[in-house]
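A.B. asks: Here you go, one structure.
The values are calculated or read from the model by the stated rules, or taken from the named source; none is laboratory data. Bear in mind that the values here come from a model prediction, so they are computed numbers and not experimental data. Counting neighbours? That spans all protein chains shown, and the Cβs are built from the backbone with ideal geometry, glycine included.
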Amino acid sequence: MARKRVREYDLKRIFYKYFGSDYQGVLISDLKQLDVLDKLDRSKRYVVKADEMFNKRQKTGLVGLNLNIEQVKEFIRKNYGYRIYNGEVRHFLVEEFIPHTEEKYLAVISEREGDRILYSDSGGVDIEEKWDTVQEEFVPQGKLSEQFPQIHKFCIDMDISYLEINPYTEIDGKIVPLGMLAEFDDYAHFRAKWDIEFPEPFEKGSYEEEKMVEELDRNTGASFKFTILNPNGSIWLMTAGGGASVVFLDSIYLAGYGKEIANYAEYSGNPTTTETYEYAKIFFRAMFRSPSKPKVLVLGGGIANFTDVSKTFDGIIKAILEYKEQFLDHQVRIIVRRGGPNADVALKRIQQEVGSLGIPIEVYDENYNIDWVVDRIKI
């Protein structure tokens with residue numbers, strides 16, 4: 001199932017149109033467009049943020065809050081072309097500042113057997129540090145969420161595979177999204193629901209392994225993603241679950257390892273052992289083309305709802321066995337963090353089998369938070 005990200009500007013246009021109103025945000029993609037902002041109401045205050053399809057913009061200084069129009073212009077001039085995640089920021093979203101006292105979190109994740117709804121009253125930039133506040137509702141195929149039926153229906157109707165609204169506030173009982181991120185099922189183009197374009201990935205690079213994973217993704221009901229950010233990086237991420245994959249990436253970046261992040265990766269939707277094995281082989285092929293030594297491989301993930309962790313780990317272990325010599329030669333240290341069905345079996349097996357090869361490995365269950373696990377990287 002192929003997925004494509006869109007800019008927050010386009011996502012909010014779709015969201016507000018779906019619920020019967022017009023979105024008043026402005027997208028600035030060139031410094032020559034700054035005069036467009038003069039048409040805005042100068043009596044109001046505004047938010048400006050990089051719109052390049054990645055999270056944690058506030059923590060990286062790419063969000064300006066409660067600004068007047070001239071301050072918005074200056075913010076864009078200052079940050080236009082800013083390099084981050086191996087790319088340059090060239091798109092900015094400007095929208096009215098909404099005063100609020102509460103920030104909440106909501107995510108809808110489409111999987112093979114149904115959808116997972118994650119939600120918390122403690123949203124915002126530090127959501128991963130408050131992950132113990134996140135609750136989950138699993139909705140089987142053909143059913144609608146009891147907690148957030150309208151948002152869930154929006155995702156279904158608009159072919160959204162992953163939606164994150166963080167933070168959001170509520171006004172008159174309605175959800176008002178302050179920050180949004182989504183991935184669309186690009187197979188649904190023919191339904192002509194979107195009226196948007198799918199930008200190239202922010203970090204844009206073209207590698208054979210990326211195309212191989214795209215092909216694998218197209219031929220399975222599960223989801224596989226692999227994007228190389230820095231082919232010479234020393235930190236390689238093979239993460240399970242769309243939400244966890246983003247949290248791991250952001251946490252590693254904010255820990256000061258941004259320049260060493262080699263890739264973005266995600267697998268989800270209960271893939272089979274064989275599918276995971278094929279994915280891991282492609283992943284390792286790219287990883288060992290990197291000359292960097294030593295390396296850290298993070299096999300991360302959240303708490304799976306129905307994915308059999310043991311089966312996916314069987315595929316990963318099989319691939320590691322095939323690449324044993326390269327793991328030793330490149331001095332790869334493996335850090336594992338996972339929870340879910342049969343995770344205890346999976347974690348015990350990978351520790352025993354990989355450890356017996358002489359490959360350094362640290363294994364943690366869901367009781368260890370992601371930031372703590374990331375701190376173990378220590379390169």
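A.B. asks: If you check Y82, Y18, which single one turns out to be in contact (Cβ under 8 Å) with a residue 40 or more places away in the chain and of a type in the set (S, T, Y)?
C.D. replies: The match here is Y18.
A.B. asks: Check off (1) modelled with pLDDT under 90; (2) surrounded by fewer than 22 Cβ atoms within 10 Å (Cβ to Cβ); (3) among the small types (G, A, S) for A286 and give me the number that stays unchecked.
C.D. replies: Condition not satisfied by A286: (1).
A.B. asks: Answer yes or no as to whether E8 is closer than 23 Å to G243 by Cα and of a type in the set (D, E).
C.D. replies: Answer is yes for this residue.
Quick grid of which residues meet (1) assigned to a loop (DSSP other than H, G, I, E, B); (2) modelled with pLDDT of 95 or more; (3) assigned by the TED database to the domain that holds I370; (4) within 17 Å of V246 (Cβ to Cβ):
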{"residue": "E136", "(1), (2), (3), (4)": "no, no, no, yes"}
{"residue": "L144", "(1), (2), (3), (4)": "yes, yes, no, no"}
{"residue": "H152", "(1), (2), (3), (4)": "no, yes, no, no"}
{"residue": "I165", "(1), (2), (3), (4)": "no, yes, no, yes"}
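A.B. asks: A follow-up question, please. R116 is checked against (1) over 21 Å from the mean Cα position of the chain (by Cα); (2) crowded, with 18+ Cβ neighbours inside 10 Å; (3) of a type in the set (D, E, K, R); (4) farther than 20 Å from R13 by Cα and fails just one. What number does that condition carry?
C.D. replies: Answer for R116: the failing condition is (1).
A.B. asks: Follow-up question, since we're still on this one. Which ones in region 349-378 are out of contact with any helix residue (DSSP H, G or I) (no Cβ under 8 Å at 6 or more places or on another chain), at pLDDT 95 or above and charged (D, E, K, R)?
C.D. replies: Answer for region 349-378, where residues must be out of contact with any helix residue (DSSP H, G or I) (no Cβ under 8 Å at 6 or more places or on another chain), at pLDDT 95 or above and charged (D, E, K, R): just E362.
A.B. asks: Could you tell me how many of the residues in region 61-85 are surrounded by 15 or more Cβ atoms within 10 Å (Cβ to Cβ) and in contact with a strand residue (DSSP E or B) (Cβ under 6 Å, 6 or more places away or on another chain)?
C.D. replies: Result for region 61-85: 7.
A.B. asks: Further question on the same structure: Just to confirm my filter: which strands (runs of 3 or more DSSP E) fall fully inside region 287-376 and include at least 2 residues that are touching a residue at least 60 places away in the same chain (Cβ under 8 Å) and in contact with a strand residue (DSSP E or B) (Cβ under 7 Å, 6 or more places away or on another chain)?
C.D. replies: 295-301
Residues checked against (1) touching a residue at least 40 places away in the same chain (Cβ under 8 Å); (2) under 19 Å from the mean Cα position of the chain (by Cα); (3) surrounded by 13 or more Cβ atoms within 10 Å (Cβ to Cβ):
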{"site": "S29", "(1), (2), (3)": "yes, no, yes"}
{"site": "K44", "(1), (2), (3)": "yes, no, no"}
{"site": "K49", "(1), (2), (3)": "yes, yes, yes"}
{"site": "K59", "(1), (2), (3)": "yes, yes, yes"}
{"site": "G87", "(1), (2), (3)": "yes, yes, yes"}
